[in-house]
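Please treat every number below as a calculation from the coordinates, not as lab data. These figures come from a predicted structure and were not determined experimentally. So basically every Cβ, Gly included, is an ideal-geometry build from the backbone, and we count neighbours across all protein chains shown.
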Amino acid sequence: MEKSFVHPYMPNSVPEIRQQLLDELGVKDVKEIYGSIIPEELLYKERLDLPEPIRSEYELKRHMTGLLNKNISTEEYTSFLGAGCYKHQVPAVCDEINMRGEFLTAYCGDTYSDHGKMQAIFEYASMMGELLDADVVSYTTYDAGQSVCSAFRMAVRLQDSSGKNGEKEKNVILVPDTMNPEIYSQTVSYCRNVSEIVKAGHDEESGLMDLKELEGRLKEGNVAAVFYENPSYLGFFETQAEEIARLAHRYGAVCIAQPQVSALGIMESPMNLGADIVCGDIQPLGMHMQYGGGQAGFIASHQKLEYMEQFPTYMYGIAKTDKEDTYGWGRAMNYRCSHGSREKANEYFGTETGLWGITAGVYLASMGPQGMYELGEAIIQNLKYLTVRLNEIEGVRANPFGGSNFQEVLVDFSETGKSVADINKKLLEYGIFGGKDVSREFPWLGVCGLYCVSELTTQAQMDALIDAIRQIAAGKSDVSDKDSQVSKEVQAWDM
């Protein structure tokens, strides 16, 4: 890009403004700023091959709309994809409050000026506490993955064992080998300097954690925490939750659980089954499916000071004021956070997901306990119907582990002679996004897809899926030429 070129999107490309900035910094050229930081051999010296800028706002909007129109949304196609991002009904009030100017920012706000925002976060945390039967719920994390990572690091700090005085250092985190592979990858990366993430095996018949193997590993004396998902990434309920917590505590380990929040209206909270720390995702609570955004996580525990001191994020509480009978909102134990202690804090955290916490609070307030119960019941009923119908198809076996599931179910296509990728590609011709292909994540499962439903999934949509899979399995197709042409416009990807 020539020095004289003024880019319409970049105010600092105006020569006069650029020179003012350089003068203020006391340098003659931009290269002087980076010279002491980036080695000369790494600097790109050629002209960037960028397209010409679109100068008209209308033309730019039309260009971007054209790009976005290449996508096919779950409003156009029926989706049976889940695996961490779910399509639920979002009450209109969630979007309305989410877009209000008082809340619409990535900044957390200040205790002296943003009491409305502070109260909204406090109310969210209070309702999450009721849902989880937890005493303490933190400010939101980036997503479920970060909440799990932070919970793992909390557990290691709680052990307060450095191998001194002959003690064996407790820094191993035991996780199920059926754990969400993306979150597992996050934990390995995020926790590598403080802990070792070790997979524990599962029972081949039920898919549940193998308790004998779990206890054997706990006896080694170096386990800081035991982690489980409920329901699991593969959809089945971990019915041994109480026993897992009991074993963890017997050998001095912390018990960490990740529940699916949509199930908590019908499922006992892990906090009542012995879990010490509960963490997870709040995307199902009023957040639309999005590509990259619309995710936030939570961390919760009982009201024990030693646990509260290890939380990495803000916690908001009611604060007294200098006026009688009035109160405000303040940050509790702020010394724990990177905001309060900078580099000496437990770990770094950001505040950009606070808006989603407020949105989740609005969702919980609009649903209430009865609404959350009805949500769970609707999902269970839809999944049961889909499972029964899938098992009617020759060569298809749904729920191979045979236990109780929530929202998602494994579907084994091994006997059809077709791969999950091939089946999903054909389903696009029917206007259907098939379940996630988990055969590469878990080769021992064979040819399996993970199918998801929600309260929005209709019987007609499930029947259409059954008919489509039956025809695909039999090598037939009744798709019209028009529908087939539409499917060819869908971007292909590995599901």
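For this structure, a couple of remarks:
- Helix-only arithmetic for the chain: the sum of -39500 (n - 2.57) across DSSP H runs with n ≥ 4, divided by the residue total, places the mean residue ellipticity at 222 nm at -11000 deg cm²/dmol.
- DSSP-assigned coil residues among trypsin sites (Lys or Arg not before Pro) in the stretch 317-406, each with at most 15 further Cβ atoms within 10 Å: K323
- Fewest-first sequence of F5, F227 by Cβ atoms within 10 Å of each Cβ: F5, F227
- Cβ charges +1 (Lys, Arg) and -1 (Asp, Glu), total dipole of the chain, debye: 640
- Beta bridges from DSSP with both residues in the chain: antiparallel share about 55 percent, rounded to the nearest 5.
- Neighbour-count ranking [beta-carbon atoms within 10 angstrom, fewest first] of T326, T351: T326, T351
- Under the combined filter of DSSP loop state and at most 15 neighbouring Cβ atoms within 10 Å, the stretch 128-220 retains these trypsin sites (Lys or Arg not before Pro): K168, R192, K219.
- Using a cut-off of 18 Å between Cα atoms, the listed pairs K219/K304; K426/K476; K70/K418; K170/K304; K384/K425; K170/K199 include K219/K304; K70/K418; K170/K304; K384/K425 as exceeding that distance.
- Given +1 at the Cβ of Lys and Arg, -1 at the Cβ of Asp and Glu and no other charges, the dipole of the stretch 92-363 around its Cα centre is 880 debye to the nearest 20.
- In terms of surrounding Cβ atoms within a 10 Å radius of their Cβ, T416, T239, T359 rank from fewest to most as T239, T416, T359.
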